[in-house]
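The values are calculated or read from the model by the stated rules, or taken from the named source; none is laboratory data. All of these numbers come straight from a predicted model, not from anything done at the bench. Methodologically, a virtual Cβ is constructed for each residue, glycine included, from the backbone with ideal geometry; neighbour enumeration extends over all protein chains shown.
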Amino acid sequence: MLAAVSSLPLTIDEPLSPELALVSPELAERARELLPDPGSFGARRRGSRLQSLVLGFVAIALTVTPLALVLAVLPARVHH
């Protein structure tokens, strides 16, 4: 037996839990209406090749420099 869908207007003043959307067809429909359009967020802006190259060099420099410093100091401490 299917549950009857009520015609009462729903107002949601607080965040809707996923569990309520699963058990209530009215709340599920309202939650779907409140979702943003799929393409409206997360649009990535691509930078130039030069920006990508500079970012790559900076990331490598920030990663390798501390390692190189530790490796340079480590042999000096092992011998003494």
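Residues in segment 11-21 that are surrounded by 11 or more Cβ atoms within 10 Å (Cβ to Cβ) and either modelled with pLDDT under 55 or assigned to a helix (DSSP H, G or I) (or both): 2 in all. Residue-level analysis places Ala43 among those that are aliphatic (A, V, I, L, M), within 23 Å of the chain's Cα centre (by Cα), modelled with pLDDT under 85 and surrounded by fewer than 10 Cβ atoms within 10 Å (Cβ to Cβ).
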